[in-house]
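J.: Here it is, the structure in full.
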Amino acid sequence: MAHAHIDPTTSPPKVEFPTPYNAGADLLERHLPALADKIAYRDDRVALSYAGLRERADRAGNALLALGLRPEERVLLMMLDTVDFPAVFLGAIKAGLVPVPVNTLLTPADYAYLLTDSRARALIVSDHLVSLTGQAIVAANLPASRVLVADTSLGGPVHPYGLLADHLAAASPQLSAARTSPDDVAFWLYSSGSTGAPKGALHLHSHLVQTAALYAQGVLGMRPDDVVFSAAKLFFAYGLGNALTFPLAVGATAILMAERPTPAAVVRTLRTHVPTIFCGVPTLYASMLASETAAPDGASRNLRMSISAGEALPRHVGERWRARMGTDILDGIGSTEMLHIFISNRPGDVRYGTSGRPVPGYDLDLRDDGGGPVGDDEEGALWVRGPTACVAYWNQRAKSLATFHGAWTRTGDRYTRDADGYYTYSGRADDMMKVGGIWVSPFEVESALAAHPAVLEAAVVAHGDIDGLVKPKAFVVLREPTRAGVAMINELQAFVKQRLAPFKYPRWIEFATELPKTATGKIQRYRLRGI
Ligand code: 3UK
C-alpha cells in the first residue's frame, strides 16, 4: 500500500495522502526494505529491527483477527512500554481495527469504565496489570478468550487468559493491510475532563504522520540517526508521538523502558542508551535535577535536545537542566485532542517561561470573553486549528459540541501572546490540573475524600510545590474538628490513594471549619487557590 508523501522543503512540510491509505502499514513499511536491518526499538530485553517490527506487528494484527475481531472494532491496550506496544498498536491499525491505549496507572473502576465505554471487543494487557482487569472484564462482558496477556517475561500473577506471545507465534507473519482511507478512524485516546467520565478522542489514519511532519520534522528536525528516549509513556499522546510515530516516520531508533520513570531508572536508561533526543514532563525534569543519583555521568554524551510538555515548564528547571546536561529543554503545548504539540520552542530559539511560537501548520487564536481578538500581552482563551484535530469524542455529543467548532478546537487554556509572537500559559479555564503531565480533576479527589466517614466536606485546588509545579491540595472540614492532626492527614492521604490512582492524592491537607461557598452553595475553589 502507498505511503504518505512528505515534502520537508516547504513550511509547513506538505503531506499528501493516497487513497486507500493505512497508517499502520505506512509506519511499518515506509522504510522497508531500505532500513530492514536497522534497529527500530530497544526495550529492556530485546532489540527489534524494522523488518522484525513489521513481522511482529503483522503477527499481532493476524492474531487479533483470529480472535474473531472485525474491522472498526476496538481493542483496549493496557500495556507497559515494551516492543509489544508498537507491534500491537500498529498491527491492529494495519488490520483495520481500532486500538485504544489507556493509562496504566488507573484503578479497576476506571478500567471497567474504559472497557465498557469503548465497547472494545478485545483486551491486551501487560501481565503486571492483569489483577486490575477482573472487574472490567466482567462489567464489559468480555469473553476470557478475548483477553491476551503481554510481557509475560516480566513475571506477573497467575491468570486464566491466553498469552500474546503464544498467539503471535501461531499467527501468520504476513498481514495485508486493510484498505482504509486517510479519513477513517485509526485509534482512540482517552482524555479526562473536569466533570464526568473520560472522553474517547477519535483520531484518523492521517493524523499520525501529520504530527511527525509538522512537529518532529518541521520543528525538531528529527533525523534517521536520532535515538529517541521518551520517559513519558506510549499510552499518553505525547509519548505515542515521541517514541512511536516520530522515530518510525523518520527511520530513527526508539528506546522503551517498561518501569516507572523514577529519576534513577531514567538516568540508568540514559546512560545505557545515550539517546540524542530525550522527552519528559516538567515534574520528571525537576525531580531529576533534585536527585543526587541523577548526575549525568556521560548520560548526555550524545544528547542534542530535550523536550517537555504536559504542563508549563518552569524557567529555572530549563536553565538548570541546560547547565547540567548541556541541552536546552524545548517546552511545547500539545493535547490529546490535537494529538501532539502545536505551540513550541525550537532548537536555537528558546524563551524559557513561554510555550514558544505556533508550530507551522497550526493556526492559533486568542479570544476574549465575547469571542473577539485580544491584543499583545492580553489574556485570552486559546483556540487551535490544524490537520490533526480529533473528529469528536465518542458518545459525548454535548462535550464534542463544546470543544470542536468546525475546524477550530477550544483548548480550555488561557494564554497571552507577546509582540514577538511568543505564547505564555496563564492557567486553565476550568478547575482541571496537570500532575506530572496527567490530568487530575478536583471533583474526583473531593469525592474520594468525602467518602471517608470523618469528612464532612472537602475542596481541592491546584497548589505549587517548591519547583512551581502544581499538585492537589485539599481543604477538609471534619465532622469532629478535634480529630484534625497529622494522623488524620496520613489516614486521608492513604484513603485517597486506595480509591483513586495514587498520583491523584492530595500532597497537602489543611483542616478548615467551613469552605467558601456561593449563595447557591457551590464551593468557590478560586478563593482557596494560593492559600
Ligand atoms: C496542558 C500544557 C502548559 C494544557 C500533550 C504534548 O499534555 C498533553 O495532552 P493532554 O490532553 O493535556 C492537554 C493540556 O495540558 N499542557 C500541555 N502541555 C503544556 N500547559 N504548557 C505546556 N507545555 O492545559 C493542555 O490543554 O493530557 C502534550 C503532546 C501531546 C499531548 N497529548
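J.: Starting with the highest mean, order 57-70, 415-428 by the number of other Cβ atoms within 10 Å, averaged over the residues of each peptide. Let's see the in-between values first.
T.: On the way: 57-70: 22.3, 415-428: 15.9.
Most protected by this proxy first, the peptides run 57-70, 415-428.
J.: Let me ask something additional. For region 102-196, just say rounded, prolate or oblate: build the C-alpha gyration tensor, square-root its eigenvalues into a ≥ b ≥ c, call rounded for a/c under 1.5, and beyond that prolate if a/b exceeds b/c, oblate if not. Each step should come with its number before you reach the end.
T.: On the way: a/c = 1.90, a/b = 1.04, b/c = 1.82.
It is oblate, given that a/c is not under 1.5 and a/b is not larger than b/c.
J.: Taking 8 Å as the Cα distance limit and 6 or more residues as the minimum spacing, I'd like the relative contact order of the chain as a percentage.
T.: 11 percent
J.: Find out how many positive minus negative residues lie around I93, taking Lys and Arg as positive, Asp and Glu as negative, among other residues whose Cβ is under 10 Å from that of I93.
T.: -1
J.: I want the antiparallel fraction of DSSP beta bridges within the chain, as a percent rounded to 5.
T.: 60 percent
J.: Also, quick follow-up: Could you tell me the relative contact order of region 5-125? Use alpha-carbon pairs under 8 Å, at least six residues apart, and round to a whole percent.
T.: Values: 168 pairs, mean separation 30.1, N = 121.
Dividing the mean separation by the residue count of region 5-125 yields 25 percent.
J.: Once each part is reduced to its C-alpha centroid, what is the distance from region 199-268 to region 353-386 in angstrom?
T.: Their Cα centres are 26 Å away from one another.
J.: Given a cut-off of under 8 Å on Cα pairs at least six residues apart, what relative contact order in percent is computed for region 328-435?
T.: Computed value for region 328-435: 23 percent relative contact order.
J.: Looking at region 441-527 only, what percent of DSSP beta bridges run antiparallel? Nearest 5 please.
T.: If I count the DSSP bridges inside region 441-527, around 70 percent turn out antiparallel.
J.: Next question, about the same structure. Give me the net charge for the shell around A252: Cβ to Cβ below 13 angstrom, other residues only, Lys and Arg +1, Asp and Glu -1.
T.: Once all neighbours under 13 Å are counted, the net charge is +3.
J.: If Lys and Arg each add +1 and Asp and Glu each add -1, what is the summed charge of the other residues whose beta carbon sits under 15 Å from the beta carbon of R397?
T.: Counting the neighbours of R397, the net charge comes to +1.
J.: Restricting to lysines 8 or more places apart or on different chains, can you count the pairs in the chain with Cα atoms under 18 Å from each other?
T.: 13
J.: Would you please put 440-447, 169-176, 349-356 in order of how densely packed they are, using the mean number of other Cβ atoms within 10 angstrom per residue and starting with the highest?
T.: The densest-packed peptide leads the list: 440-447, 349-356, 169-176.
Bear in mind these aren't lab numbers, they're just calculated from the coordinates by the rules spelled out. Everything numeric here is computed off the predicted structure, so don't read it as measured data. Every residue, glycine among them, receives a Cβ derived from its backbone with ideal geometry; neighbour counts consider all protein chains shown.
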